[in-house]
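The values are calculated or read from the model by the stated rules, or taken from the named source; none is laboratory data. Treat the numbers as computed from the prediction; the structure is a model and nothing was measured. So basically every Cβ, Gly included, is an ideal-geometry build from the backbone, and we count neighbours across all protein chains shown. Heavy atoms of the whole protein, side chains included, go into the accessibility calculation; ligands, DNA and RNA do not. Shrake-Rupley method; radii C 1.70, N 1.55, O 1.52, S 1.80 Å.
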Amino acid sequence: MKSLQMKYNFVHILFWVSYLSIYGYIAIFLQYRGLSNTDIGIVSGGGAIFSIFFSPFISSLLSKIPRLNIKNLILILYLLMFGMFISLFFITTPIWVIMLFYILLLSTVVSIVPFLSMLCMNYLKDGQYINFGLSRGLGSIAYATGAIVISQLIELFNPTIIIFAHLISSIALLYMLFSMPDYQTHQQDTKEKQSTAFSIIQNYRTFFMILVAFSLMIAASTSLSTYLINIVKNLGGSTSLYGVAVFCMAASEMPLMSVTFRLLKKYRAETLILASAGFYLIRNFMICLAPSLPILLIGMMFQGFSYGLFTATITYYVNDHLAENDQMMGQTMIAMMSTGLGAAIGNIFGGILQDTFGLNSMLIFVGILTILGFLIMFFTLKNKTGLSKRPLVESYEKN
């Protein structure tokens with residue numbers, strides 16, 4: 001059991017380093033290739049929009065192709081990313097080709113996230129306990145540490161170094177993934193039982209409204225994250241300090257994610273989700289109003305109480321509140337509404353507002369989205385919070 005937990009930990013660690021290489025340095029890499037803030041917004045937003053349709057399509061392949069499983073599907077997706085990233089190493093013009101390839105990269109790596117959650121949930125249903133929050137938190141630590149290292153490498157060499165970081169971490173990830181034992185498959189293999197995004201919206205209204213609120217807050221935080229390099233430089237920082245800021249943000253996720261399972265033994269998931277929304281207010285406004293780099297870094301460290309707490313909690317929420325044949329689509333919808341719809345709004349409008357009206361206009365936009373998201377979350381969950389024991393905690397404790 002400990003060996004399985006350790007392997008799952010490394011799967012997350014390596015995945016989030018490969019994810020960092022694509023998402024964490026999008027602005028720096030594309031600026032190096034000659035793209036403007038508006039171009040970067042179109043790329044990141046386009047990737048997010050495409051993922052809204054691409055992610056559920058990829059997830060549906062598990063039920064449509066008889067012998068396809070999560071491991072093999074992840075392998076296929078990584079081979080596609082290898083080809084696109086290697087191409088970007090050599091392609092310098094035309095810009096539209098660079099934009100197209102990066103859009104495909106973004107949507108592909110996002111589509112893998114729900115499969116990592118389902119791996120854990122399927123092992124849990126087999127009676128093999130895995131602490132998802134711990135593994136996901138270690139992934140955040142790896143993301144944070146990787147940000148520091150890659151930032152230094154970029155200053156020593158150039159932004160194309162992220163391609164090598166992606167290849168090395170991805171190959172190691174695939175090796176670790178295929179070393180994990182198989183589990184009894186819980187995926188439904190008939191088209192009649194396959195759920196859709198529309199059926200999830202219709203059958204789980206509270207879950208959908210939680211995702212709507214979260215998508216607005218993610219849109220706000222995505223604008224801050226994607227264009228963080230501009231905020232850092234506006235306050236007098238450099239690329240190295242940008243790496244420190246990303247480290248503070250990602251490293252803060254680990255403590256909250258690792259203890260989420262324990263918190264859910266005492267508090268209802270809705271309570272923790274609403275609390276995370278409140279911390280989003282603190283996080284985003286501290287960053288937007290930061291008069292200096294130290295205050296900015298403190299704001300970044302609220303990432304754990306906001307994004308970290310929400311991400312771990314919503315994963316268990318899906319497992320507890322959605323029917324088994326709806327859970328894969330439920331996990332996919334989290335990605336669709338956050339790194340899909342939310343990221344699209346934040347990236348596209350964040351880039352356009354900066355190029356048109358300046359950085360402050362984007363920060364005002366972020367503040368408005370954060371308040372709207374919190375209000376929707378508050379009115380959705382205000383009567384559902386309290387102390388409670390999760391339905392599946394008792395069964396896990398027996399194992």
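The gain in end-to-end length when the A172 to F357 segment is fully stretched comes to 62.2 nm, 0.36 nm per residue minus the alpha carbon separation. All other residues whose Cβ lies under 11 angstrom from that of Y242 are scored, Lys and Arg at +1 and Asp and Glu at -1, for a net of 0. Which of rounded, prolate or oblate describes the range 197-382 when judged by the alpha-carbon gyration tensor and an a/c cut-off of 1.5? In terms of gyration-tensor shape, prolate. Shown in residue order for the range 281-296 are the 3J(HN,Hα) couplings computed by the Karplus curve 6.51 cos²θ - 1.76 cosθ + 1.60 at θ = phi - 60°: 4, 5, 4, 5, 6, 5, 5, 5, 9, 4, x, 8, 5, x, 5, 4 Hz (x for Gly and Pro).
For the chain, modelled as a GNM whose springs connect Cα atoms under 10 angstrom apart, the maximal fluctuation among T108, T92, T260 occurs at T92. Along the range 143-148 the Karplus relation, 6.51 cos²θ - 1.76 cosθ + 1.60 evaluated at θ = phi - 60°, assigns HN-Hα couplings of 4, 5, 5, x, 4, 5 Hz to successive residues, with x for each Gly and Pro. Taking label positions 7 Å along the Cα-Cβ direction at both T239 and N383, the computed distance is 5.4 nm, reported to one decimal.
Note that the range 120-129 has calculated 3J(HN,Hα) couplings of 5, 4, 5, 5, 4, 5, 7, x, 9, 6 Hz, one per residue in order, obtained from phi through the Karplus relation 6.51 cos²θ - 1.76 cosθ + 1.60 (θ = phi - 60°); glycine and proline are x. Leaving out ligands, DNA and RNA, what percent of the accessible area of the range 1-179 is carbon and sulfur, probe 1.4 Å? That share works out to 74 percent. Subtracting the Cα-Cα distance of N158 and I295 from 0.36 nm times their residue separation leaves 46.4 nm of extension gain.
Per residue, the chain exposes an accessible area of 39 Å² to a 1.4 Å probe, with every protein chain left in place. Legend: residue pairs K125/K384; K7/K265; K125/K266; K64/K125; K7/K266, Cα-Cα distance threshold 32 Å; every pair lies within threshold. Close amide H pairs (under 5 Å, H built 1.01 Å from N) link Y267 with S388, residues at least 5 positions away or on another chain. Would you mind telling me which residue in L134, L322, L224 has the biggest mean-square fluctuation in a Gaussian network model of the chain, where springs connect alpha carbons within a distance under 10 angstrom? With Cα springs under 10 Å in the chain, the top fluctuation among L134, L322, L224 is at L322.
Taking Cα centre as origin and charging only the Cβ of basic (Lys, Arg, +1) and acidic (Asp, Glu, -1) residues, the dipole magnitude of the range 1-179 rounds to 520 debye.
Taking the centroid of alpha carbons for each part, the range 91-160 and the range 1-75 are 6 Å apart.
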